[in-house]
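These notes concern the structure reproduced below.
Quick note: the coordinates plus some simple rules give every number you see, no bench work behind them. Small disclaimer: the values here were computed from a predicted structure and weren't measured. Every residue, glycine as well, gets a Cβ built from its backbone with ideal geometry; the counts of neighbours run over all protein chains shown.
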Amino acid sequence: MERPSLMVANWKMYKTIHAARAFGVELLRRMEEDPGPRGLTQVLCPTALALAPLAERLRGSAIRVGAQNLDLGVEGPRTGALSAYLLRDAGAEYVIVGHSERRQEFAEDDDLVAAKVVEALKGQLTPIVCVGETRDERDHGLTETVVTRQIERVLSAVTPDREVVFAYEPVWAIGSGRTPTASEAEQVAQLMRNLIGRSWPGTDALVRVLYGGSVNRDSIRTFAEHTSFDGVLVGGASLDVDHWLDINRRWGEVRC
Ligand code: PEP
């Protein structure tokens, strides 16, 4: 069974509330003129501050909103923290977990990532779990080992009774303008699918695996045509409405 495509925009620490809302307004306007491909879900992940205003602006539309991170717990004395419960209240339906920038800059390890996935699911958010190797790990032939370790920690922590999305994001490809070849990326997609199938038998039609790392309007066709990924996670190229729409359109021309 074909899994519906998922296109995720990660805006990282960019866009003020005003800019995020303006993007939403413009996106809706453009999609009214040309709805673009059917059978594809867009998820915009703004900063936590822009979540509620953007979700409010997009309410009633087909575009979903996601958070970029969550903290553990529900409510409590945890200064600066944001729980799944609060993110959901602000309008998020998805949450990115284990992005390499969080693993590296905020020292998030596999155990914390798994705990966050559990919290996301408890809080009715769909986690988008990022895995991927560094350049050094790839050069040392460790891609399979690293991705297996990262994904298995999550697979063993939760049962697949709610949706979990995985994203293969080679760390060296993020923001670098470099991407793996389609066949290199596809090898990892197959590895991830095998690991998911082994731990969660029978979920093949439900678990989406995305690719992320320097996707843009030029490289998107390669991933759409020559890999089995179910969509993409896009950073830099998702900040501009035209560029984002082109990525969605080109993916849809091949897949939807
Ligand atoms: C990301 O931040 O997840 C990402 C894929 O970024 P970029 O598209 O800019 O490489």
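Here the Debye sum runs over all C-alpha atoms of the chain as equal scatterers in vacuum, and log10 of I(q)/I(0) at q = 0.07, 0.11 Å⁻¹ comes out as -0.21, -0.54. Once you mark the chymotrypsin sites (Phe, Trp or Tyr not before Pro) that are in a DSSP loop and have at most 15 other Cβ atoms within 10 Å, what is the longest gap between them in the chain? No qualifying site falls inside 107-256, the longest such stretch. Applying 1/(1 + (r/R0)^6) with R0 = 25 Å to the Cβ-Cβ distance of Thr41 and Glu225, what FRET efficiency is obtained, to the nearest 0.05? It comes out at approximately 0.80. Here Ala19 and Arg59 are evaluated by their C-beta separation; at R0 = 22 Å the FRET efficiency comes out at 0.70.
For the stretch 167-184, backbone nitrogen atoms closer than 17 Å to the point 7 Å from Arg193 Cα along Cα-to-C-beta are found at 167-169, 182-184.
Taking label points 7 Å from Cα along the Cα-to-Cβ direction, Leu28 and Val74 give a separation of 3.2 nm.
Under 5 Å between amide hydrogens, built in the peptide plane, is the criterion, and for Val65 it picks out Leu44, Glu93, Tyr94 among residues at least 5 positions away or on other chains. Using the empirical formula 2.2 N^0.38 Å as the baseline, the Cα radius of gyration of the stretch 168-246 reaches a ratio of 1.14.
Membrane-span-like helices in the chain, defined here as complete DSSP H runs extending at least 20 Å along the helix axis by their C-alpha atoms with mean Kyte-Doolittle hydropathy no lower than -0.5, are 17-33, 182-199; this is a sequence and geometry rule, not a statement about a membrane. About its Cα centre, the dipole of the chain is roughly 480 debye, where the only charges are +1 on Lys and Arg Cβ and -1 on Asp and Glu Cβ. Only DSSP H runs of four or more residues enter the estimate; each adds -39500 (n - 2.57), and after division by the residues of the chain the mean residue ellipticity at 222 nm equals -13000 deg cm²/dmol. Label reach from Asp111 (point 7 Å along Cα→C-beta): in the stretch 145-161, amide nitrogens under 20 Å belong to 146-159. Placing a label point 7 Å from the Cα of Ala81 along the Cα-to-Cβ direction, the residues of the stretch 37-71 whose backbone N falls under 11 Å from that point are 71.
Extension gain for Glu163-Asp218 works out to 16.8 nm (0.36 nm per residue, less the C-alpha to C-alpha distance). Each label point was placed 7 Å from the Cα along the Cα-to-Cβ direction; for Val254 and Gln124 their separation is 3.6 nm. Under the rule that an exposed site lies in a DSSP loop and has at most 15 other Cβ atoms within 10 Å, name the longest stretch of the chain with no trypsin sites (Lys or Arg not before Pro) of that kind, not counting the sites themselves. Answer - 79-161.
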